[in-house]
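The values are calculated or read from the model by the stated rules, or taken from the named source; none is laboratory data. The structure presented is a predicted model; accordingly, all values stated were derived computationally and were not measured. Methodologically, a virtual Cβ is constructed for each residue, glycine included, from the backbone with ideal geometry; neighbour enumeration extends over all protein chains shown. Areas reflect the complete protein model, heavy atoms only, side chains present, ligands, DNA and RNA absent. Shrake-Rupley method; radii C 1.70, N 1.55, O 1.52, S 1.80 Å.
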Amino acid sequence: MVAGSITEVCSSTVALERLWKAGVLDADKLMPQIAPQFISSIEVLEGDGGVGTVRKYTFTEAVKGPVNFLKERVEALDSENKIFEYSVIEGGLIGLRLKLCSFELKFELGSDGSSVGKLTLKYETLDDTDLGEEEKGMLMEGPLGIMKAVEGFLLANPDAYT
């Protein structure tokens, strides 16, 4: 088993509160609308959106690799500090290459008034081989792509989530 982590930082001119509302609090409704080429549906299987909520993401054929669905469980949802943590509990690379896979998304106000999103992936492999760069890229590509899609939607719709 190999444990590892990856962190990516993105900044945006969209207001922090709007990014949080659209990209985290309303994600299960918004994502299939703004990224239908990748996400065919998001189903809430358990919970009310808070900690313990389990969601199933079903992906289109455009998503590469062994990923046609995944289930995630919300581990932390801190609206005051803008921290969202979730674990992938089924699908994706879980059971194929990974024993554990979790993400933390934290939004902060940048020094220039921008919004800064920091996405951290933590993982454990099933064997003694670390993930390759392609596998790491695949894991980060989805959440980062969604963040960019949310940003694009909010820039194109300045009255949304105000």
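Of all residues being part of a strand (DSSP E or B) and under 14 Å from the mean Cα position of the chain (by Cα) in the range 17-57, which is nearest to L144 (Cα to Cα)? Just the residue, please. Step through it out loud before you land on a result.
Pass one, the range 17-57, residues part of a strand (DSSP E or B): 39-46, 54-57.
With under 14 Å from the mean Cα position of the chain (by Cα) added as a condition, the list becomes 39, 42, 54-57.
On the way: I39: 14, I42: 17, V54: 20, R55: 18, K56: 18, Y57: 16 Å.
Ranking the candidates gives I39 first.
If you go through the range 82-97 one residue at a time, do you hit one that is in contact with a Gly (Cβ under 9 Å, 6 or more places away or on another chain), of a type outside the set (K, R) and surrounded by fewer than 18 Cβ atoms within 10 Å (Cβ to Cβ)?
Checking the range 82-97: not a single residue is in contact with a Gly (Cβ under 9 Å, 6 or more places away or on another chain), of a type outside the set (K, R) and surrounded by fewer than 18 Cβ atoms within 10 Å (Cβ to Cβ).
For the range 57-71, how many residues are without any contact (Cβ under 8 Å) to a residue 60 or more places away in the chain and either over 13 Å from S40 (Cα atoms) or open to solvent by 60 Å² or more (accessible area, probe 1.4 Å) (or both)?
4
Which of the numbered conditions does L109 fail, given that it passes all the others? Conditions: (1) modelled with pLDDT of 95 or more; (2) farther than 20 Å from G49 by Cβ.
So L109 meets the others, but not (1).
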